[in-house]
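The values are calculated or read from the model by the stated rules, or taken from the named source; none is laboratory data. All figures in this text were calculated on a predicted structure; none of them were measured in a lab. Using ideal geometry, Cβ is built from the backbone for each residue, glycine included, and neighbour counts are taken over all protein chains shown. Note: areas computed on protein heavy atoms with side chains; ligands, DNA, RNA excluded. Shrake-Rupley method; radii C 1.70, N 1.55, O 1.52, S 1.80 Å.
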Amino acid sequence: MPIGELFILGFFGKTVPVWLKQFAARYGLGGVILFDYSCRTREYDNNIESPEQVQRLCEEIAALPSGPMVFIDQEGGLVRRLKESRGFAPLPSAKEFNHLAPDHKRAILTASFAEMRRLGIHYDFAPVIDVDYNPENPNIGRIKRSYSADIAEVEANARLVSEVARAQRVGLCLKHFPGIGGAVVDSHQEFMDISDALRGEQEELFYSLAPKMFGDAVLVSHAIVRQWDKDRPMTLSAAGLGRLRNRLPDTLLITDDMQMQGLQKALGTREASLQSLKAGMDMLCIGNNLFDQEQEMAGIAEDVEQSLRDKTLSGSAIEKSIARVAKRKALLMA
């Protein structure tokens, strides 16, 4: 089985490194994620320099065996890898975007998604549909990543984003399931327990919106919901993911970055990745940005293959995940 299709991998640099070419040739590759900032050098010297360079890089990625998709976090505001200072289209934060006139919103989105398509980017990790339940949330509210505390406004903006993305043929990935707007800690540092902050209306918003989004994908957070699974974050929880899969049988489920500190402190990337696939995730996002594990990616793929041979991983479930990835490649790379 081409188990590399289960991976979205990040790398450092402006061109595709040898290790990634070897990985794609040996296992296939589902996707690549691009960053402008490097957490290792603490400089904006990672994958993105200019529109022309990004277009060349995307062409190089697309030419790899199995034609990986290119993913990017282009929400707007503080979370956008394609910045105006480097010559890319402007994109305000979700909170600022919410207050713009409808025609202005559409014009901004059209320019941004048309640019992504032109560059060769297939998927935007957006829109954020976390409702702004806690404006002091360090990872959402405080940095203006939520459209609004009004769930109807969140939904309306997400629908508009989807309409424009569909017209420009850029896939979308709703985040962060099951909704982390009410959290009080930053998921990059610790597991978030959102058991007391999660509202039913927020969870339902993922179920109602995902199938309508172009690309039909959901990014799953490392949040803990004790009433569903008292021991595991959503990315590793068969109970939590089963709940999601039951409502969204065809949606592509992607992990938040597997190098975030909560997972690292508990398990490390390799063990967390295996547990995540066993729990029912389709794609593992490993950014190789929070720290460098580039040379360990092939070892993780080997462990997945071994788990399939040992039957500790379900072959039929992995086949279904690979088929979901293939369906998106056919949709977005046509």
Checklist outcome for this item: Counting only protein heavy atoms and leaving out ligands, DNA and RNA, the solvent-accessible surface of residue 44 at a 1.4 Å probe, in Å² to the nearest 10, equals 120 Å²
Checklist entry - Tally Lys/Arg at +1 and Asp/Glu at -1 over every other residue whose Cβ is under 13 Å from the Cβ of residue 69; what's the total? => result +3
Checklist entry - Which cross-chain or sequence-distant (5 or more) residues have an amide H under 5 Å from the amide H of residue 88, H modelled 1.01 Å from N in plane? => result 83
Next on the checklist: Given points 7 Å out from each Cα along the Cα-Cβ axis, report the residue 55 to residue 26 separation in nanometres with one decimal.
Outcome noted: 3.5 nm
Next on the checklist: I need the phi-derived Karplus couplings for segment 42-47: 6.51 cos²θ - 1.76 cosθ + 1.60, θ = phi - 60°, integer Hz, Gly and Pro marked x.
Outcome noted: 6, 9, 8, 10, 8, 8
Checklist entry - Rolling a 1.4 angstrom probe over the protein heavy atoms, how many square angstrom per residue are accessible across the chain? => result 38 Å²
Next on the checklist: Given a 1.4 Å probe and heavy atoms of the protein chains only, how would you sort 144, 329, largest accessible area at the top?
Outcome noted: 144, 329
Item to check | Above-threshold pairs, the threshold being 25 Å between Cα atoms, out of 265/311; 265/320; 175/320; 95/230; 83/212; 105/320 | outcome: 265/311; 265/320; 95/230; 83/212; 105/320
Checklist outcome for this item: Share of accessible surface on carbon and sulfur in the chain, whole %, 1.4 Å probe and ligands ignored, is 51 percent
Item to check | segment 273-289 - phi-based ³J(HN,Hα) in whole Hz, Karplus 6.51/-1.76/1.60, Gly and Pro as x | outcome: 5, 5, 5, 5, 5, 4, 6, x, 6, 8, 10, 9, 9, 10, x, 6, 10
Item to check | Entry for Rg and Dmax of the Cα atoms in Å (calculated from the structure that is shown) out of (1) 27.6, 93; (2) 24.6, 95; (3) 18.3, 57 | outcome: (3)
Next on the checklist: Using each residue's phi in segment 300-305, evaluate 6.51 cos²θ - 1.76 cosθ + 1.60 at θ = phi - 60° and report the 3J(HN,Hα) Karplus result to the nearest Hz, with x for Gly and Pro.
Outcome noted: 5, 4, 4, 5, 5, 4
